[in-house]
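Nothing in this text is a laboratory measurement; each read-out follows from the coordinates by a stated rule. Predicted, not measured: the structure shown is a model, and the values here were computed from it. Heads up, the Cβs are rebuilt from the backbone with ideal geometry, glycines too, and the neighbour counts pull from every protein chain shown.
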Amino acid sequence: MALLAGPVGVLIAFFVCYAVHGASNPLHMGLLHRQVDGPYRTSVISVNSMVAMPAGALGGVLLGFIGDRAGVSTAMLVGAVALAVAAPLYLPAWRAGRRSASADNQPKRTEVSENVSV
């Protein structure tokens with residue numbers, strides 16, 4: 001999109017990026033809450049935040065440098081590739097969540113007495 005649409009495409013990509021990030025953050029936090037036991041949950045969320053903030057700052061500086069040297073379109077593509085490479089890291093947790101959800105949703109057998117009148 002950044003290569004084909006020019007500055008308007010970059011602005012649209014920017015807003016779409018933040019919309020997706022805003023929608024994915026609750027899912028990410030839900031993943032953390034499901035994967036970590038109670039006594040360790042606050043520590044894991046704190047470490048998550050401590051890693052995410054400097055990583056975001058470093059990514060912003062790096063993408064700004066790339067944008068300055070090679071153009072904003074190239075920087076947007078580099079950012080998109082980095083996110084696309086990182087996205088499959090969520091798959092194992094997603095699969096585990098689906099397995100546990102399907103195990104919880106198994107129909108329960110109920111016993112029905114033969115003396116029930118309809």
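Tabulated data for the structure shown
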{"item": "From phi via Karplus (6.51, -1.76, 1.60), per-residue ³J(HN,Hα) for region 38-48 in Hz, x at Gly/Pro", "result": "x, x, 9, 4, 5, 5, 5, 5, 5, 5, 4"}
{"item": "Spin-label pair Thr42/Ala86, simplified geometry with 7 Å Cα→Cβ offset, distance in nm", "result": "2.7 nm"}
{"item": "Sorted largest first, extent of region 2-87 alpha carbons per principal axis (Å)", "result": "49, 22, 18"}
